[in-house]
1. Quick one: with all protein chains in place, what share of the accessible area of the range 259-332 is carbon or sulfur, to the nearest percent (1.4 Å probe)?
2. How big is the dipole moment of the chain about its Cα centre under a simple scheme where the beta carbon of each Lys and Arg is +1, that of each Asp and Glu is -1, and everything else is neutral? Debye, nearest 20, please.
3. Any idea what the alpha-carbon Rg over 2.2 N^0.38 Å comes to for the range 121-205?
4. Antiparallel as a % of all DSSP beta bridges within the range 145-293, to the nearest 5?
5. Excluding residues on the same chain fewer than 8 positions from residue 41, give the lysines whose Cα lies under 29 Å from its Cα.
6. Going out from 0 in 10 Å bins, what whole percent of all Cα-Cα distances in the range 87-170 drops into each bin?
7. Can you give me the Cα centroid spacing of the range 297-320 and the range 159-214 in angstrom?
8. Quick check of the Kirkwood formula: for the chain, what is the inverse mean of 1/r over all pairs of different Cα atoms, in Å?
Amino acid sequence: MTQTSAGLRARAEVDLAALRGNVRALRARVGPGTALMAVVKSDAYGHGMVPVARAALDAGATWLGTATPHEALALRAAGIRSRVLCWLWTPGDPWREGIEADLDMSVSAMWALREVTAAAREAGRPARIQLKADTGLGRNGCQPADWPGLVAAALAAQAAGEVQVTGLWSHFACADEPGHPSVAAQLDVFHEMIAYAEKEGIEPEVRHIANSPATLTVPESHFDLVRTGIAMYGISPSPELGTPQDFGLRPVMTLSASVALVKRVPEGHGVSYGHHYLTPRETTLGLIPLGYADGIPRHASGRGPVLVGGVRRRVAGRVAMDQFVVDLGGDTPEPGSPALLFGPGDHGEPSVEDWAEAADTIAYEIVTRIGSRVPRVHLNELHQQTGPAEPIEPIERPE
């Protein structure tokens, strides 16, 4: 059900029509034989996992991606039955529950293969697993030197009916840096590791390495599936690659608050902790009821942009836990007037990228850090899916 934003002290409006449009725009950038995974980890980058997942599937995504198994199981609990890949497993995680929920589970090392095969024997059914290759990121994934051993063990487990190897995949380190030599190097290693696994007998449904920046700018990396995260939310993976508008994308989240107080103060009045801001003249101050407990970066103190009364202001003084102040320059908006922190720019409000620049960080961090005290108001929902997860027919790899 679509909520109303009336009466909320702060809100993060999430335009699901914009999200569906972004998914369609991203699908148009890849060939008809390439599927699209909507990455909804970290509560869909702060946008609300279940409504976003449904909207992405409505728009043509056929896979969902999460980091943790608990996120993936929450999708199943919500009645979402598409293919779901989850990739960040630790020893003792709920492998059996993942098997029974028909999740695709990433395996990067022998310990994980041992745990998932033991869980498969307990569950009495094979686990769907995808082998992850470390092609140069140096994070999760199996090193090329260890790849033959992992492939052999996975094939043995498959022959024993304990697993089905459904995918081979990897992740780029620098796809958001145009022309970085590691992109071509990682692609070469990925081709070699795929070729070895397939020569040994693995027949994956999907092979994938492309994240959002590679989906946008490295077409030779698309393979059978692309994984779109930040771009799906209408945010550019990197200013060097282009703006969202350059790629036909629209920002999905608008963060706003109601002005809590407006008051006149004299020249030289200190504002917020430490008095890092002194009013340069007699002026008016506006109190915005959002702070670092809500995800507003303290690093943006004195710099974060806010639209109040049709004029861009900046945070005056330090961002506190629950609130910050803007210098209104003598303007006197009514308490309850909207303060727009970021959005698509329809009203001249700042962008997520503007806040990232103000906080010396990346746009990913700005949206994902918005806290639970800020309600997500989902606009333009189409329907609700309910009911338990049902068995899913295997997906054939596109020719």
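1. Ligands and nucleic acids excluded, carbon and sulfur reach 50 percent.
2. The calculation lands at about 980 debye.
3. After normalising by residue count via 2.2 N^0.38 Å, the value is 1.20.
4. 65
5. Excluding near neighbours in sequence, the set is 132.
6. 20, 56, 22, 2
7. So the two Cα centres are separated by 43 Å.
8. Answer for the chain: a Kirkwood hydrodynamic radius of 22.6 Å.
The values are calculated or read from the model by the stated rules, or taken from the named source; none is laboratory data. These numbers were taken from a predicted model, which means no experiment stands behind them. Glycine also receives a Cβ, built like all others from the backbone with ideal geometry; neighbour counts cover every protein chain displayed. These area figures cover heavy atoms from the full protein model, side chains too; ligands, DNA and RNA do not enter into them. Shrake-Rupley method; radii C 1.70, N 1.55, O 1.52, S 1.80 Å.
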